[in-house]
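**Q** Dropping the structure in here first, questions after.
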Amino acid sequence: MADTTKRSTGIAGLDLALDGGFSPGTRIVISGSPLSGLELLAQQFWQEGEGAGAYLMLDTVPGENMIDARGMDPAATAAAMEGEKIIVDSLSTLIAAWGIDTAARFVLEDTRPIIEGGANIVYLLYTGAHSPTEEARIMRATDVFITLRQEVNGNEFERTLAVEKFKGSDVPQRVIPYNIMADGIELSTTSRVV
C-alpha cells in the first residue's frame, strides 16, 4: 500500500516504484543527458497537484512561472527557493560556476532549513559533464538519486529509469522502461517477457 504522506512525482509508474512518491524533506537528483527527458520529469513533479514551489532556471531563458536564476550567487539562489517542490535546473551549472566544494555545501548546508521545513528539492545533473569524484560527492549529499539512460538499438531508442539511491526505503530492484511523450515522460510498469 502506498504511503499517503509522500508527494506524488507526477508520474503514476514512478509513484508505484517509489511506494507513493518522494518523502517530504528530501534532496533528489535526476541525472541524465540533456535529451533524456530529465527536465520533463522535473516539470511533471513541479506541476503535480497543489503546493507548487519554485523552478529555478539557471541554464537558459526561463519558461512560464519559472524564476530566472542565471548568475545568482548561493545566497540569492537559496533565498529564491520557496514552496514545497523546488527544482534547480541545473546543478551542473552550479558546479561549473561555483566549483564542487561550494555546490556540495549549497546542497547540504545552505538549503538545510528548506529541507528541514519539509520541502523537496530536485537537482538536475547532466551526465558526462563532471568528474567521477564530483558525481560521487553529489550522490553522497542527496537522499534520492535517479538516472535516466538511453541507448540506440538498431532503429529504436531504449530508455530506462533507474532509482539508484532511495534513503530510508528499499531501492527498486529493476530498471523501468520509459517513453518521452509530448506532455512529459511515461513509465512502463509491466515487465517484458522474452
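**Q** If we scan the stretch 60-69, do we find a residue that is modelled with pLDDT of 95 or more and in a strand (DSSP E or B)?
**A** Yes - at least one qualifying residue is present in the stretch 60-69.
**Q** Could you list, ordered by first residue, the pairs with Cβ atoms under 7 Å in which the first is in the stretch 55-77 and closer than 12 Å to T93 by Cα and the second is in a loop (DSSP other than H, G, I, E, B) and open to solvent by 70 Å² or more (accessible area, probe 1.4 Å), at least 6 apart or interchain?
**A** Partner pairs satisfying both residue conditions: L58/R70.
**Q** Next question, about the same structure. List pairs: first in the stretch 146-157 and farther than 24 Å from I28 by Cβ, second among the polar types (S, T, N, Q), Cβ under 6 Å, 6+ apart or cross-chain?
**A** F157/Q150
**Q** Out of the residues in the stretch 6-50 that are among the polar types (S, T, N, Q) and in contact with a Gly (Cβ under 8 Å, 6 or more places away or on another chain), state the one that is least open to solvent (accessible area, probe 1.4 Å).
**A** T9
**Q** Any idea which of E134, E116, E82, E39 is in contact (Cβ under 8 Å) with a residue 60 or more places away in the chain, among the charged types (D, E, K, R) and either touching a helix residue (DSSP H, G or I) at 6+ places or on another chain (Cβ under 9 Å) or farther than 25 Å from E186 by Cβ (or both)?
**A** Numbers: E134 fails: in contact (Cβ under 8 Å) with a residue 60 or more places away in the chain; E82 fails: in contact (Cβ under 8 Å) with a residue 60 or more places away in the chain; E39 fails: either touching a helix residue (DSSP H, G or I) at 6+ places or on another chain (Cβ under 9 Å) or farther than 25 Å from E186 by Cβ (or both).
Of E134, E116, E82, E39, the one residue that is in contact (Cβ under 8 Å) with a residue 60 or more places away in the chain, among the charged types (D, E, K, R) and either touching a helix residue (DSSP H, G or I) at 6+ places or on another chain (Cβ under 9 Å) or farther than 25 Å from E186 by Cβ (or both) is E116.
**Q** Restricting attention to the stretch 169-185, report how many residues are in contact with a Gly (Cβ under 7 Å, 6 or more places away or on another chain) and either farther than 25 Å from M139 by Cα or open to solvent by 30 Å² or more (accessible area, probe 1.4 Å) (or both).
**A** Looking only at that region, the number is 1.
**Q** Now for a different question. Among what's in the stretch 153-168 and is surrounded by fewer than 20 Cβ atoms within 10 Å (Cβ to Cβ) and of a type in the set (K, R), pick the residue that is modelled with the lowest pLDDT.
**A** Looking only at the stretch 153-168, we keep the residues that are surrounded by fewer than 20 Cβ atoms within 10 Å (Cβ to Cβ), and these are 153-158, 160, 162, 164-165, 167-168.
Retained after the next criterion (residues that are of a type in the set (K, R)): 165, 167.
Details: K165: 95, K167: 92.
Looking at residues that are surrounded by fewer than 20 Cβ atoms within 10 Å (Cβ to Cβ) and of a type in the set (K, R), I get K167.
**Q** Give T77, T5 a once-over and let me know the one that is more than 17 Å from I146 (Cβ to Cβ), of a type in the set (S, T, Y) and in a helix (DSSP H, G or I).
**A** Step by step, each of T77, T5 is checked, and only T77 is more than 17 Å from I146 (Cβ to Cβ), of a type in the set (S, T, Y) and in a helix (DSSP H, G or I).
**Q** Filter the stretch 115-152 for residues that are surrounded by 15 or more Cβ atoms within 10 Å (Cβ to Cβ), over 13 Å from the mean Cα position of the chain (by Cα) and aliphatic (A, V, I, L, M) and give the result.
**A** Selection gives I115, A119, A129, A141.
The values are calculated or read from the model by the stated rules, or taken from the named source; none is laboratory data. Just so we're clear, the structure is a prediction, and the values are computed from it rather than from any experiment. Note that each Cβ is placed from the backbone with ideal geometry, even for glycine, and that neighbours are counted across all protein chains shown. All accessible areas refer to the heavy atoms of the entire protein, side chains included, with ligands and DNA or RNA removed. Shrake-Rupley method; radii C 1.70, N 1.55, O 1.52, S 1.80 Å.
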